[in-house]
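What follows is one structure encoded as structure tokens, with my remarks underneath.
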Amino acid sequence: MLSQSHIKSLKSLHQKKYRQQKGEIILEGHRLIKQALLTEADLTMVWMTSNYAESPSGRQLKQKLTDNNIAMETSSEKSIQKVCDSQNSQGVIALMPLPKYEGIQNISRQSLYLDNIADPGNMGTLLRTATWFGIDSVFLSVDCVDPWNSKVLRSAMGAHFYLQNLLTIPHDKLFEKYMSVGYAILGADMHGESVKNIQMEIEKGWILILSSEAHGMRDSLRAYINHSISIPGFGGMESLNVAVAGGILLHGLTSSMRLLQTEKK
């Protein structure tokens, strides 16, 4: 059972400063915990209600926890809900250490840099979209929302566990590394060119910069960009949501990379 002091300690992990101090995060809900287990994430402890434990989903999860020697306990619905940030706890929560990433010693051929993305929903959707397209490295500016924010975790639906890099890092250090190996630095811009026009330039590798809709791309980032790319629009809307735009651009870029690889065979 969860004690009041334990509930307080777990609940504090919804705040960034305590996540950083303790090096731990809380996962809420069956799907998120299941995704963590599928990627062999190192869960410390799982708590579930008796109703959840007896459900088909609960029995399935318990078996996975047993197979992986992960400790679990039953607790009351009220106690688990007190820990949760969401209105519906789904009857199961887990504690896990903050993942540690490999850094930029070996950079991926396809990466994403998120600049000043403050909305948790947009951040989570972008992480989920990136993993869908096989992007395993996502880098963040210091003014982005914390990627381990509870709302980001729920929105990303387990995408965090498929990433080899999810780091907040100064952009100059990062982009200089990409430039040193000849990778293209791309910036999403309303006045940029079509992805189709730069296929040969991205063949070796690339990193795409996506900036906040409200503030746009800062000049210090533009100085590093090889190509600005855009999405042709045919309606009257002024712009796209950054998460939607990111998905369309990632589809175009990854499709172009696959096409180039096919043509080489």
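The values are calculated or read from the model by the stated rules, or taken from the named source; none is laboratory data. Owing to the predicted nature of the structure, the values given are computational and were not obtained by experimental measurement. Here the Cβ positions follow ideal geometry from the backbone for every residue, glycine too, while neighbour counts run over all protein chains shown.
Summary table below
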{"read-out": "Test result for Ala53, in the same structural domain as Ser76 (by TED's automatic domain parsing), modelled with pLDDT under 95 and among the hydrophobic types (A, V, I, L, M, F, W, C)", "value": "no"}
{"read-out": "Answer residue from the stretch 92-110, given it is among the aliphatic types (A, V, I, L, M) and surrounded by 17 or more Cβ atoms within 10 Å (Cβ to Cβ) and is nearest to Asp42 (Cα to Cα) among those", "value": "Met96"}
{"read-out": "Test set (1) under 26 Å from Ser255 (Cα atoms); (2) in the same structural domain as Val46 (by TED's automatic domain parsing) - Gly134 fails condition number", "value": "(2)"}
{"read-out": "Strands (runs of 3 or more DSSP E) completely within the stretch 147-262 that count 2 or more residues being in contact with a strand residue (DSSP E or B) (Cβ under 7 Å, 6 or more places away or on another chain), acidic (Asp, Glu) and on the phi < 0 side of the Ramachandran plot", "value": "184-193"}
{"read-out": "Filtered residues of the stretch 99-115 (kept if closer than 30 Å to Ser9 by Cα and touching a strand residue (DSSP E or B) at 6+ places or on another chain (Cβ under 6 Å))", "value": "Tyr101"}
{"read-out": "Long-range neighbours under 8 Å by Cβ, at least six apart or interchain, first residue in the same structural domain as Lys173 (by TED's automatic domain parsing) and closer than 18 Å to Met179 by Cβ within the stretch 211-223, second of a type in the set (D, E, K, R) and modelled with pLDDT under 95", "value": "Met217/Asp189; Ser220/Asp172"}
{"read-out": "Residues of the stretch 121-134 classified as of a type outside the set (S, T, N, Q) and within 10 Å of the chain's Cα centre (by Cα), total", "value": "6"}
{"read-out": "Residue count, the stretch 204-225 (criterion: more than 14 Å from Asp143 (Cβ to Cβ) and surrounded by fewer than 17 Cβ atoms within 10 Å (Cβ to Cβ))", "value": "5"}
{"read-out": "Of all residues in the stretch 118-138 being surrounded by 20 or more Cβ atoms within 10 Å (Cβ to Cβ) and either in contact (Cβ under 8 Å) with a residue 40 or more places away in the chain or small (Gly, Ala, Ser) (or both), the one that is nearest to Gln20 (Cα to Cα)", "value": "Gly124"}
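To keep it simple, each residue is scored yes or no on (1) assigned by TED's automatic domain parsing to the domain that holds His30; (2) farther than 25 Å from Pro56 by Cβ.
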| site | (1), (2) |
| --- | --- |
| Cys84 | yes, no |
| Leu127 | no, yes |
| Asp143 | no, yes |
| Phe161 | no, no |
